[in-house]
Each structure stands twice: as structure tokens, then as C-alpha cells.
Amino acid sequence: MIVVEGRADVVNMLKHGIKNVIGMGGSRISQDIVHLSKRKTIVLFVDGDRGGELNARKLNQIANVQFVCVAPDRQEVEE
């Protein structure tokens, strides 16, 4: 399962045929994602900015994340 930061990222991934995507909803992380991380392999895909870095740290602290992908510096996932 791929976890991205927001709704626009989910829409963009779906547009390109990637279906196992869920959005965090920005900096607030749903308990559903934490529960999913216990049953599924989680790949976190965040923007290449400070907010993306902070979201990655926060999710790593509360969920079981196997892989982290970061967009290039100063770029967003939807780019």
C-alpha cells in the first residue's frame, strides 16, 4: 500500500493506474493508516520539502513503514 500526503497525490496516482494508494490528509495521520501498517506493507511517498520530511518522521514513529520515497528537492509528488 502506498501512503501519500494528500488528496491531490492520490488522484494523480490513480490517474496513472496506481490503485493501492491512500492519503494521510496532510499532517494529521488517521488511525486507519496505523492499523493498516500492521497488516500490509506500507510505502510512504512524500513531497521533497520540509513538510514531507516532518510527515515521514511522524508516520515512522506511530506506524510500521517499510519503505520511504521522497520526491526531488522542492518538488511535490503530483509533479
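For V4, are the conditions met, namely being touching a residue at least 40 places away in the same chain (Cβ under 8 Å) and either surrounded by fewer than 11 Cβ atoms within 10 Å (Cβ to Cβ) or under 13 Å from the mean Cα position of the chain (by Cα) (or both)? Answer is yes for this residue.
Looking only at residues that are buried (at least 17 other Cβ atoms within 10 Å of the Cβ) and of a type in the set (A, V, I, L, M) in the range 7-21, which one is nearest to A63 (Cα to Cα)? Across the range 7-21, the extreme among qualifying residues is V21. The single condition among (1) in contact with a Lys or Arg (Cβ under 7 Å, 6 or more places away or on another chain); (2) modelled with pLDDT of 95 or more that G23 does not satisfy is (2). Annotation note: Cβ proximity below 7 Å between a residue of the range 7-21 that is free of Cβ contacts under 8 Å to residues at least 24 places away in the same chain and a residue that is part of a helix (DSSP H, G or I) and of a type outside the set (D, E) (sequence gap 6+ or interchain) occurs for V21/V10; V21/M13; V21/L14. Taking V77, is it under 10 Å from V3 (Cα atoms) and part of a loop (DSSP other than H, G, I, E, B)? Against the criterion (under 10 Å from V3 (Cα atoms) and part of a loop (DSSP other than H, G, I, E, B)), V77 does not qualify. Scanning the range 24-77 for residues that are touching a residue at least 60 places away in the same chain (Cβ under 8 Å) and open to solvent by 70 Å² or more (accessible area, probe 1.4 Å) yields a single hit, E76.
Residue-level analysis places V68 outside the set of residues that are within 12 Å of the chain's Cα centre (by Cα), more than 13 Å from I29 (Cβ to Cβ) and not in a strand (DSSP E or B).
The values are calculated or read from the model by the stated rules, or taken from the named source; none is laboratory data. Computed from a predicted structure; not experimentally measured. Glycine also receives a Cβ, built like all others from the backbone with ideal geometry; neighbour counts cover every protein chain displayed. In case anyone asks, the SASA skips ligands and DNA or RNA and just uses the protein heavy atoms, side chains included. Shrake-Rupley method; radii C 1.70, N 1.55, O 1.52, S 1.80 Å.
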